[in-house]
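Data block below; observations after.
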Amino acid sequence: MGEGAAGARSCPGTFARAWAKAVAGTSYLPMTEAQLESLLQRLTERLAAAIQAEPFDLRIGQQVGAELVAAHIASAEGLGRTVEVIQLRLVRDLGLVADEVEDRMARLLATVATGYARALRDRTLDEQESIRRAAMVARAQAERALRDSEARFRHQATHDPLTELPNRTLFTERLSAAIDEPGRGADRVGVCFLDLDRFKVVNDSLGHQVGDSLLVSVAQRLRRALGEHLVARLGGDEFVILVERTACTDDAVKVAEAALAVVSEPALVDGHELTVSASIGIVERQVAGTSPGELMRAADSTLHWAKAAGGARWALFDADRNRRELARYALSAAIPTALDRGEFYLDYQPLTSLRNGRVLGMEALVRWRHPELGVLRPDSFIGLAEETGLIVRLGGWVLAEACREAEGWSAGHDDPPFVSVNLAVRQVHRPGLVQEVRGVLRQTGLPPDRLQLEITESTMMSTAEEPVRALRVLADQGVRIAIDDFGTGYCNLAYLRDLPVTELKVAGEFVAGLRAPAADPGSRTDERILASLVSLAHALDLTVTAEGVETAEQADRLRAIGCDAGQGWHFGRPAPADRFLAQWA
Amino acid sequence: MQRPDWAPDTIDIERPSVARMYDYYLGGSHNFAADRAAARAMVEAVPEAPLMAQANRAFLRRAVQFLADSGVRQFLDIGSGIPTVGNVHEIAQRIDPESRVIYVDVDPVAVAHSREILHGNDRATVIQEDLRRPEAILGHPEVTKLLDFSQPVAVMIVAVLHFIPDSDRPEEILRTLRAALAPGSHLVMSQASDDGRRETGERAEAERVYRRTDNQLWIRSRAELAALFDGFELVDPGVVWVPQWRPESPEQAENAEQAVFMGGVGRLGG
């Protein structure tokens, strides 16, 4: 027997060491040299047995080949070197003796190569399959991660971070879908635009943190109460509810009522028991013929109606009202441009002496020659100008223009009429009034006593001292101050004590009564009121002008009462100043 | 869950991966045509490439054996690649089944494959992260769950550093990792080096091959690699060609510089 039979299992022989050296480096072998030699020694013993076994056993060589591969001695080079070392050295190194040894060696090598190649092929296929599966898993994960991140990004882009409610973007998408999706034309849709009443007070008094918590609480309540309907936060304290597939307007109203009810529930917010209310603008209509933008605008203006009506309520969109407001809005927006383009001009109406028929003064009345709407009278735009504050600029123009024209009336006359200009509340309350009037008088050269400023009683409702002081300064310089529409406004006569008033213009309402026969009881009452006003005025050393005088009879009766002057159609309708100046000459 | 900003949008197996090229050098079949084409081009330029990979893998095996014999029971293998033959957990858990191993790789396919291999092993797991984000690795829930940083941990950064350019501040990455480690922890590093080697154009060619992958090669000298062990005491024999690091026989250390990789093991004192 050779050394293989004699050597211990753990002690590799010459052949096993040579074999280990031959396969080292053919591929990575995850073991120490000693482990490798020990493994190959074991396989050597099996090969030796195979050479000598009777009958020849195919399986031994195949198993050895497979075991080599399993031990990671798994490469083409590994097989080549193994075949070489077995053929050259196995029989010799182990001193093996067998019949037909060459024949047996050839068969042994064939079986080792077969087992090895089969195992390596299986292993390669397995590894290929496992790496492909890993690539597939990795790809699925990468795609899922991408989808997740897209979904997360989409969520962030379409939700309000504070309340987690959908934001304007998502709401607009859903509203657009509800309107524009094919087949929705016959549907109806409702939008409830909700805004908390006096939310600013919460923010200002309790801080923004409590304000934010309140918004979160309101959002939760709305979502809870209106679960099936999309509730979005548009920003600030504005929320909006989409009511899809309404059958009628009442469906949207019910949603709004539920929203108002749930918002007004008392709630504990950051330790504060808060009760808030909300206002809602409701628009509900057929999908066909509307657009998301139009619906949102309509809901927004309707919300303002609810607010203007005092809040804590809903308002329903009214197309006529909206049209009127839009027209008014368009008109007010056009005032600055119209001023720049010189579209305004003045007409005048005479204030005529009831004693001798002389024109004492003329009231300037502003007109707007609108390029599309024609000539507009003040009642169609002054109210707007007052609301928007544009009255200051427009009133300033009227004052300057009236003074400029009035200065021209003196040519060739000893005692030309004064010009009477209306001052709006905002103009009187403006700090620069005195300077403005002085400046205009200086620039135009109009003497102060030929300017009369008409203010309404309501102008004096404010207890502010500044306007009174300003008017007194102007009166001291000779400017006439008249109370317009006397008797219809704020009838606290106390201001007559403080104000440097020179004239009372009695409202046309009282004068209108004088048209009826003198025997009519109503007419008699008006006449008595007028007589009292005249005697009151005269007692205070004020002159009285009656407005709205339309007939000669009215003029006669006013003259009989002792009224100083009259204004109205009887004396002349508003017209360019020239007409009256010619008369007067 | 935040999606890592380095994660690819999808998996492109048409693009060679360094992990799968490495597997090919080691004789594995966990690779695709593009990996094999790139690996063959590398072998064309640098015929020793497979031997380099094998020598490096053998270094890893000896280092883990050494650490396990020294009593280390926790391993954090960053840049573990395709975990084919001779995994850290196989070596470590053969010595002590209680050994805990975290594999980290940036390659999603390598991670998916590792997860498959580790399925059912509750003391070894894999996470997808980048060596360049050490805080993310240290703070990863799987890492904090499995590893106890109050006990020694062996951090393995084997055959990875040459994919990290100086501009990524490797010294800061290592400082961050070191700060998390308890005394008795170890750092195992190896990387491609040209220390003392003649400029043969091989380096340029190797760099050209790796430009086709997602990872460029950044060769470092022995001194540069040794400097990255800052704060650790180098275990004998220090930073050497990897076959020279505690070889099992003198023959193994012959022609060691042909292995191209230099490596070493450092111990955190205190």
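The values are calculated or read from the model by the stated rules, or taken from the named source; none is laboratory data. None of these values were measured; they are calculated from a predicted model. Backbone-built Cβ (ideal geometry, glycine too); neighbour counts: all protein chains shown.
So how many residues does the stretch B:26-38 have that are in contact (Cβ under 8 Å) with a residue 12 or more places away in the chain, out of contact with any Lys or Arg (no Cβ under 8 Å at 6 or more places or on another chain) and either surrounded by fewer than 18 Cβ atoms within 10 Å (Cβ to Cβ) or more than 8 Å from chain A (Cβ to nearest Cβ) (or both)?
Residues that pass the stated criteria total 2.
For A:V501, state whether it is in contact (Cβ under 8 Å) with a residue 12 or more places away in the chain and touching an Asp or Glu at 6+ places or on another chain (Cβ under 9 Å).
Spelling it out, it is not the case that A:V501 is in contact (Cβ under 8 Å) with a residue 12 or more places away in the chain and touching an Asp or Glu at 6+ places or on another chain (Cβ under 9 Å).
Exactly one of these conditions fails for B:L51: (1) crowded, with 17+ Cβ neighbours inside 10 Å; (2) at pLDDT 90 or above. Give me its number.
If we test B:L51 against (1) crowded, with 17+ Cβ neighbours inside 10 Å; (2) at pLDDT 90 or above, just (2) comes out false.
Exactly one condition in (1) within 60 Å of the chain's Cα centre (by Cα); (2) small (G, A, S); (3) away from chain B (no Cβ under 14 Å) is false for A:G95; which is it?
Result: A:G95 fails condition (1) only.
Take the stretch A:24-49 and flag every residue that is free of Cβ contacts under 8 Å to residues at least 60 places away in the same chain and away from chain B (no Cβ under 11 Å).
Correct list: A:S38, A:L39, A:L40, A:Q41, A:R42, A:L43, A:T44, A:E45, A:R46, A:A48, A:A49.
What's the number of the only condition in (1) touching a residue at least 24 places away in the same chain (Cβ under 8 Å); (2) more than 20 Å from A:G357 (Cα to Cα) that A:G548 fails to meet?
(2)
Return only the number of the condition from (1) buried (at least 17 other Cβ atoms within 10 Å of the Cβ); (2) touching a residue at least 40 places away in the same chain (Cβ under 8 Å); (3) of a type in the set (A, V, I, L, M); (4) not assigned by TED's automatic domain parsing to the domain that holds A:Q209 that A:L175 does not satisfy.
A:L175 satisfies all of (1) buried (at least 17 other Cβ atoms within 10 Å of the Cβ); (2) touching a residue at least 40 places away in the same chain (Cβ under 8 Å); (3) of a type in the set (A, V, I, L, M); (4) not assigned by TED's automatic domain parsing to the domain that holds A:Q209 except (4).
If you go through the stretch A:388-406, how many residues are within 36 Å of the chain's Cα centre (by Cα) and of a type in the set (D, E, K, R)?
Within the stretch A:388-406, residues that are within 36 Å of the chain's Cα centre (by Cα) and of a type in the set (D, E, K, R) number 1.
If you check A:V201 against the conditions, is it β-branched (V, I, T), over 23 Å from A:F317 (Cα atoms) and surrounded by 14 or more Cβ atoms within 10 Å (Cβ to Cβ)?
Judged against the criteria, A:V201 is not a match.
List pairs: first in the stretch B:88-117 and free of Cβ contacts under 8 Å to residues at least 24 places away in the same chain, second surrounded by 22 or more Cβ atoms within 10 Å (Cβ to Cβ) and assigned to a helix (DSSP H, G or I), Cβ under 6 Å, 6+ apart or cross-chain?
B:A112/A:A134; B:A112/A:A138
If we scan the stretch A:179-186, do we find a residue that is of a type in the set (A, V, I, L, M, F, W, C), closer than 20 Å to A:R297 by Cβ and at pLDDT 95 or above?
No, every residue in the stretch A:179-186 fails to be of a type in the set (A, V, I, L, M, F, W, C), closer than 20 Å to A:R297 by Cβ and at pLDDT 95 or above.
Out of all the residues in the stretch A:127-147, which are within 14 Å of B:G28 (Cβ to Cβ) and either touching an Asp or Glu at 6+ places or on another chain (Cβ under 8 Å) or facing chain B (nearest Cβ under 7 Å) (or both)?
A:E127, A:Q128, A:S130, A:I131, A:A134
Looking for whichever is within 14 Å of chain B (Cβ to nearest Cβ), buried (at least 17 other Cβ atoms within 10 Å of the Cβ), within 25 Å of A:A119 (Cα to Cα) and more than 60 Å from the chain's Cα centre (by Cα) here; the options are A:G78, A:G61. Which one fits?
A:G78
Which residue pairs have Cβ atoms closer than 7 Å, lie 6 or more positions apart in sequence or on different chains, and pair a first residue in the stretch A:150-161 that is touching a residue at least 40 places away in the same chain (Cβ under 8 Å) with a second residue that is surrounded by 12 or more Cβ atoms within 10 Å (Cβ to Cβ)?
A:D160/A:N167; A:D160/A:R233
Here are A:A555, A:A537, A:A546, A:A577: which of them is crowded, with 16+ Cβ neighbours inside 10 Å and touching a His at 6+ places or on another chain (Cβ under 7 Å)?
Step by step, each of A:A555, A:A537, A:A546, A:A577 is checked, and only A:A555 is crowded, with 16+ Cβ neighbours inside 10 Å and touching a His at 6+ places or on another chain (Cβ under 7 Å).
Mind checking which residues of the stretch A:425-478 are in a helix (DSSP H, G or I) and either at pLDDT below 85 or small (G, A, S) (or both)?
Of everything in the stretch A:425-478, those that are in a helix (DSSP H, G or I) and either at pLDDT below 85 or small (G, A, S) (or both) turn out to be A:G439, A:E457, A:S458, A:T459, A:M460, A:M461, A:E465, A:E466, A:P467, A:V468, A:A470, A:A475.
If the requirement is being touching a Cys at 6+ places or on another chain (Cβ under 6 Å) and surrounded by 18 or more Cβ atoms within 10 Å (Cβ to Cβ), which of these qualifies: A:V428, A:V440?
Within the list A:V428, A:V440, the selection yields A:V440.
A:L433: over 23 Å from A:D379 (Cβ atoms) and either among the aromatic types (F, W, Y) or under 47 Å from the mean Cα position of the chain (by Cα) (or both), yes or no?
yes
Of everything in the stretch B:91-134, what is polar (S, T, N, Q) and more than 12 Å from chain A (Cβ to nearest Cβ)? Give them in sequence order.
Within the stretch B:91-134, B:Q93, B:S99, B:N121, B:T125 qualify.
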